[in-house]
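Since the structure comes first, as structure tokens, the remarks are kept for the end.
Any read-out appearing in this document is the output of simple, stated calculations on the displayed coordinates, not a laboratory observation. Since the structure is predicted, the reported quantities are computational estimates derived from the model, not experimental observations. Cβ: placed from backbone, ideal geometry, glycine included. Neighbour counts: every protein chain shown.
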Amino acid sequence: MMLGIPWGFSSWKEILEVVGVPLVLVLLGSAWPLIQQCYRRRAFTRLILRELQELTPFPDKPVPGGKWWEHHKRSFVHQRIFSDVTNSRDFVLSLNPTLVYWVTQLWDSLARHDSSQWLWYLGKIAENHDRNGEMKKCLHQWRELIGQYEQVAKGTGVTPTGPSIL
């Protein structure tokens, strides 16, 4: 043992070259799938939130004989993935469970035509994940539209006479 360097190495540089570098590469190689999974999870969460910012009703005014849920015209990638999770079950389960629950309940409430649940889950998502105010604007537009349909249903709103009620 020369200069306190073990196992016949002549310098600490040799030890790093022979042991340290391969060890770091093995650790990085074994952690790479976790790094990729974290990146995909974050990218998909951003996609969900971006798509939900674009969830505004179209048209934004009630139509004669229409229903509030008919104003959802867009198709979203996350909606398709959540509707058939058999191929991506593990990936979906790796996402933020609260966000996944709220989003799946949001789409379920749309399918059931449950306006109060639709607004509640959209509100929860906006309250906890809206960074730029776009989801809150979207929520406000849905509240206005659903409120107008409810007024017409009660007979207190303006009756349909043209392409829109208001």
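Please give the contour-minus-distance gain from residue 87 to residue 73: 0.36 nm per residue of separation, less the Cα-Cα distance, rounded to one decimal in nm.
Working it through step by step, the gained length comes to 2.5 nm.
What are the ³J(HN,Hα) couplings of region 60-76, residue after residue, when phi is run through the Karplus curve with 6.51, -1.76, 1.60 and θ = phi - 60°? Round to Hz, x for glycine and proline.
7, 10, x, 10, x, x, x, 10, 4, 6, 6, 8, 8, 10, 8, 10, 10
Identify all lysines with a Cα-Cα distance to residue 67 below 16 Å; exclude those on the same chain that are fewer than 8 residues away in sequence.
Qualifying lysines at Cα under 16 Å: 154.
Quick one: which of 8-19, 47-58 comes out on top by average Cβ neighbours within 10 Å, and what's the full order, highest first?
Ranking the peptides 8-19, 47-58 by packing returns 47-58, 8-19.
Cut-off under 14 Å on the C-alpha distance; same-chain residues fewer than 8 positions from residue 137 excluded. Which aspartates and glutamates are left, in chain and number order?
Cα-Cα hits under 14 Å: 51, 54, 60, 127.
Take residue 136 and residue 46, extend 7 Å from each Cα along the Cα→Cβ direction, and tell me the distance between the two endpoints in nm.
About 2.3 nm, to one decimal.
Mind giving me the FRET efficiency for residue 154 and residue 111? R0 is 25 Å, r the Cβ-Cβ distance, nearest 0.05 is fine.
Taking R0 as 25 Å, the efficiency between residue 154 and residue 111 is 0.55.
Looking at the square roots a ≥ b ≥ c of the eigenvalues of the Cα gyration tensor of the chain, which shape do they give, rounded for a/c under 1.5, prolate if a/b is larger than b/c, or oblate?
Cα axes put the chain in the prolate bin.
What list of ³J(HN,Hα) values in whole Hz, one per residue of region 131-140 in order, does the Karplus curve 6.51 cos²θ - 1.76 cosθ + 1.60 (θ = phi - 60°) give from phi, with Gly and Pro shown as x?
Result, rounded to whole Hz: 9, 10, x, 5, 5, 5, 5, 4, 4, 4.
If R0 is 30 Å, what FRET efficiency do you get for residue 25 and residue 94 from their C-beta distance, rounded to 0.05?
Plugging the Cβ-Cβ distance into 1/(1 + (r/R0)^6) gives 0.70.
If one computes the Cα centroid of region 19-51 and of region 105-122, what distance in Å separates the two points?
34 Å
With θ taken as phi - 60° and the coefficients 6.51, -1.76 and 1.60, list the Karplus ³J(HN,Hα) couplings across region 35-46 in order, rounded to whole Hz; mark glycine and proline as x.
Karplus values, whole Hz, x for Gly and Pro: 5, 5, 4, 5, 5, 5, 4, 5, 5, 5, 4, 4.
Go ahead and run the numbers for FRET between residue 101 and residue 39, Cβ-Cβ distance against an R0 of 25 Å, rounding to 0.05.
Plugging the Cβ-Cβ distance into 1/(1 + (r/R0)^6) gives 0.65.
For 75, 88, what ranking results if the residue with the fewest other Cβ atoms within 10 Å of its Cβ goes first?
Least to most surrounded, the residues fall as 75, 88.
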